[in-house]
Amino acid sequence: MSEVRAAALEDADVVGGLLFDFNIEFETPTPPAQEFARRFASLLLRDDVLVLLAGPEEATGFAYLTLRPTPYGDGPLAQLEELYVRPHLRGRGIGTALLTRAAVEVEGRGAIEMHINVDEIDVDARRFYERHGFVNIEPGTDYRMLCYLREL
């Protein structure tokens, strides 16, 4: 298992670089790593944001989560916004370590549920999350949950 720790303000550049690499790998339009780093410098100061880094020295992956209030429970909902492991290091338990620590951390903050959005064609990611107990079918139903978005 990989070492996982909460990112600190001084990690903003590393996290920004990892998110940039993630977007480049999956051919997603992306701002420069420096812009992500500037934004993470602000995000890392927030109580409703959690960023985790894997790796004892050099960061091998990261998880970025947000928490938001909900009227459906006394605690927040956690949203796993991003989870990324460097391609040459996949299959070594780093993603599992990040996801496991993320669940422990948000549960410790009172979260009642964790949400993850995954592209339907990303079969590997879907299998990964399903292996860790995440579902896209509401318990007691036989239809899938869908996520809709609109850029503003």
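A short reminder: the numbers here are calculations on the coordinates, not readings from a lab. Because the structure is a prediction, the values reported are computed rather than measured. All Cβ positions, glycine included, derive from the backbone under ideal geometry; neighbour counts span all protein chains shown.
Can you tally the net charge around Ile121? Count Lys and Arg as +1, Asp and Glu as -1, for every other residue whose Cβ sits under 14 Å from the Cβ of Ile121.
Charge balance near Ile121 sits at -3.
Output the relative contact order of the chain, whole-number percent, from Cα pairs under 8 angstrom with separation of 6+ residues.
On the way: 223 pairs, mean separation 28.8, N = 152.
Taking the mean separation of contacting Cα pairs over the length of the chain, I get 19 percent.
Which residues does the label zone of Arg38 cover in region 1-29, counting backbone N under 18 Å from a point 7 Å along Cα→Cβ?
10-21
Counting helices only, and only those DSSP H runs with n ≥ 4, report the 222 nm mean residue ellipticity of the chain as the sum of -39,500 (n - 2.57) divided by its residues, in deg cm²/dmol to the nearest 500.
Taking each H run of at least 4 residues, the total per residue is -10000 deg cm²/dmol.
Expressed as a fraction of 2.2 N^0.38 Å, the rule-of-thumb size for a compact globular protein of N residues, what is the C-alpha radius of gyration of region 42-103?
That ratio works out to 1.25.
Give, rounded to the nearest 20 debye, the magnitude of the charge dipole that the chain has about its Cα centre when Lys and Arg contribute +1 at Cβ and Asp and Glu contribute -1 at Cβ.
160
Quick one: Karplus J couplings for region 21-36, per residue in order, coefficients 6.51, -1.76, 1.60, θ = phi - 60°, nearest Hz, x for Gly and Pro?
Listing the rounded values in order: 4, 4, 5, 5, 4, 9, 6, 9, x, 8, x, x, 4, 5, 5, 4 Hz.
Provide the gained length on full extension for the span Thr141 to Thr30, in nm with one decimal, where the gain is 0.36 nm per separating residue minus the Cα-Cα distance.
Working: separation 111, 0.36 × 111 = 39.96 nm, distance 3.70 nm.
Separation in residues times 0.36 nm, less the Cα-Cα distance, equals 36.3 nm.
Using modelled amide H (1.01 Å from N, peptide plane; none on Pro or chain starts), what sits under 5 Å from the amide H of Thr70, excluding residues fewer than 5 places away?
Leu77
Just check region 1-45 against the gyration tensor rule for me: Cα atoms, a ≥ b ≥ c as the square roots of the eigenvalues, rounded for a/c under 1.5, and otherwise prolate or oblate depending on whether a/b exceeds b/c. Can you show the working numbers first?
Numbers: a/c = 2.96, a/b = 1.25, b/c = 2.36.
Oblate, since a/c reaches 1.5 and b/c is not below a/b.
Test of understanding: extend the Cα→C-beta vector of Asp21 to 7 Å, then name every residue of region 90-121 with backbone N under 14 Å from that spot.
90-91, 94-95
Compute from the Cα atoms of the chain the Rg and the Dmax, the latter being the longest Cα-Cα distance, and quote both in angstrom.
15.5, 46
Quick check: pseudo-label points 7 Å beyond the Cα along Cα→Cβ at Leu89 and Leu149, how many nm apart are they?
According to this spin-label approximation, the distance is 2.5 nm.
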